[in-house]
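Each remark here refers to the structure printed beneath this line.
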Amino acid sequence: MEPVVGATPKVVRSEEEWRAQLNPAEYAVLRQAGTERPWTGEYTETKTEGVYECRACGAELFRSDHKFDSHCGWPSFFSPLAGDKVLLREDRALGMTRVEVLCATCHSHLGHVFEGEGYPTPTDQRYCINSVSLKLVPSE
């Protein structure tokens, strides 16, 4: 995975350490910028209230009250938690230009963010995030 220009991760591990910590599907998405197949993720349609953390480092990223039904096949959020929890960078893979979403703490790949799609959300943004990159901690 390419480093993020001008940003240093707070959690740094060798690729061997990441491979030991993450299962193959998690590693493929979080560390190799892969994508899980649509409609296969455990959080795509969940309505459970709580906080979504980075599966790689445990950093809090999104709240369930910012999640919405986009019907795209992946969990969608209209905003991350405040406080620079995610980093955004241009992604020109697959012959198109998109905006990649990374965990600001460990620089793991989470998904992509899209704007101007017309969803009735406060931000008009859709953070399209792979379930396998998240861990939901339910509210008590």
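Tabulated results
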read-out: GLU49 paired with LEU81, simple spin-label distance in nm, labels 7 Å along Cα-to-beta-carbon; value: 1.7
read-out: Theoretical gain in end-to-end length, GLU17 to ARG63 [0.36 nm per residue, Cα-Cα removed]; value: 13.7 nm
read-out: Candidate lysines for bridging to LYS47, where Cα separation is under 16 Å - those fewer than 8 sequence places away on the same chain excluded; value: LYS67, LYS135
read-out: Relative contact order for the chain, counting Cα pairs under 8 Å that sit 6 or more residues apart, in percent; value: 28
read-out: 10 Å Cβ shell holding at most 14 others, DSSP loop, trypsin sites (Lys or Arg not before Pro): longest site-free stretch of the chain; value: 93-140
read-out: Cleavage-rule hits, chymotrypsin sites (Phe, Trp or Tyr not before Pro), segment 21-118, DSSP coil, Cβ neighbours within 10 Å at most 11; value: TRP39
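Every read-out reported here was derived from the displayed coordinates using simple, explicitly stated rules and does not represent laboratory data. Because the structure is predicted, anything quoted here is derived from the model rather than measured. All Cβ positions, glycine included, derive from the backbone under ideal geometry; neighbour counts span all protein chains shown.
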